[in-house]
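One structure is given below, encoded as structure tokens.
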């Protein structure tokens, strides 16, 4: 089954999950993460050719596109959840959490341009930065707070295998390879 608008990465028994992975230097102690959530084009979806002409209108359109993707997924599935793996491959530290995938009420956010010419959505009540939208690539990112329930774990790096012993254990035969 194909993914409705990029949100249904894992499907099981009528339920679906959007799965994201984020690199972070300290996955066990970070409080917030920024997750790329897809491309939202207000030009394509709403005919907004100059996203800076009315920043609030553009922000509302970006959230409208996100919300419609959720609606489409929920038309096909009983529930939609997001799973995020925060990782540091060098230290083999990981943090994993899951939550319901939320629609956002556009009136709850005010949008402004940042120093990189991207648009940022901020919660009207708290002032908290929640979204970033990049006009040059239509990339939409959501900022998540790390829940206390997140599972934090670290993998132990295995010892280096002895090559000859491993080849013997798998029953390697020189006839497996033909050099030309």
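The values are calculated or read from the model by the stated rules, or taken from the named source; none is laboratory data. None of these values were measured; they are calculated from a predicted model. Every residue, glycine as well, gets a Cβ built from its backbone with ideal geometry; the counts of neighbours run over all protein chains shown.
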Quick test of your reading of the structure: residue 22 fulfils all but one of (1) under 20 Å from residue 131 (Cα atoms); (2) surrounded by 15 or more Cβ atoms within 10 Å (Cβ to Cβ); (3) at pLDDT below 95; (4) in contact with a strand residue (DSSP E or B) (Cβ under 9 Å, 6 or more places away or on another chain). Name the failing condition by number. (3)
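Is it the case, given these coordinates, that residue 121 is in contact with a strand residue (DSSP E or B) (Cβ under 8 Å, 6 or more places away or on another chain), at pLDDT below 95 and either closer than 28 Å to residue 57 by Cβ or in a strand (DSSP E or B) (or both)? Spell out how you get there, then give the answer.
Values: in contact with a strand residue (DSSP E or B) (Cβ under 8 Å, 6 or more places away or on another chain): yes; at pLDDT below 95: no; either closer than 28 Å to residue 57 by Cβ or in a strand (DSSP E or B) (or both): yes.
Spelling it out, it is not the case that residue 121 is in contact with a strand residue (DSSP E or B) (Cβ under 8 Å, 6 or more places away or on another chain), at pLDDT below 95 and either closer than 28 Å to residue 57 by Cβ or in a strand (DSSP E or B) (or both).
Which of the residues spanning the stretch 132-147 are surrounded by 15 or more Cβ atoms within 10 Å (Cβ to Cβ) and farther than 25 Å from residue 96 by Cα? If you could, list the steps in order and put the result at the bottom.
Quick first cut of the stretch 132-147, residues surrounded by 15 or more Cβ atoms within 10 Å (Cβ to Cβ) only: 132-135, 138-144, 146.
Answer for the stretch 132-147, where residues must be surrounded by 15 or more Cβ atoms within 10 Å (Cβ to Cβ) and farther than 25 Å from residue 96 by Cα: 134, 135, 138.
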Which residue pairs have Cβ atoms closer than 7 Å, lie 6 or more positions apart in sequence or on different chains, and pair a first residue in the stretch 161-180 that is surrounded by 10 or more Cβ atoms within 10 Å (Cβ to Cβ) with a second residue that is part of a loop (DSSP other than H, G, I, E, B) and modelled with pLDDT of 95 or more? none
Any residue in the stretch 140-154 that is free of Cβ contacts under 8 Å to residues at least 60 places away in the same chain, under 21 Å from the mean Cα position of the chain (by Cα), assigned to a strand (DSSP E or B) and within 26 Å of residue 42 (Cα to Cα)? no
Could you say whether any residue in the stretch 85-92 is crowded, with 19+ Cβ neighbours inside 10 Å and in a strand (DSSP E or B)? yes
Quickly run through the stretch 37-55 and pick out the residues that are surrounded by 15 or more Cβ atoms within 10 Å (Cβ to Cβ) and either in a helix (DSSP H, G or I) or touching a residue at least 60 places away in the same chain (Cβ under 8 Å) (or both). 37, 38, 40, 41, 42, 46, 51, 55
Filter result for the condition that a residue is part of a strand (DSSP E or B), closer than 16 Å to residue 134 by Cα and either free of Cβ contacts under 8 Å to residues at least 24 places away in the same chain or more than 16 Å from the chain's Cα centre (by Cα) (or both), over 112, 34: 112
Right, residue 74: more than 26 Å from residue 118 (Cβ to Cβ), surrounded by 15 or more Cβ atoms within 10 Å (Cβ to Cβ), touching a strand residue (DSSP E or B) at 6+ places or on another chain (Cβ under 9 Å) and without any contact (Cβ under 8 Å) to a residue 40 or more places away in the chain or not? yes
Scanning the stretch 10-31 for residues that are free of Cβ contacts under 8 Å to residues at least 12 places away in the same chain and either assigned to a loop (DSSP other than H, G, I, E, B) or within 13 Å of the chain's Cα centre (by Cα) (or both), the one farthest from residue 155 (Cα to Cα) turns out to be 13
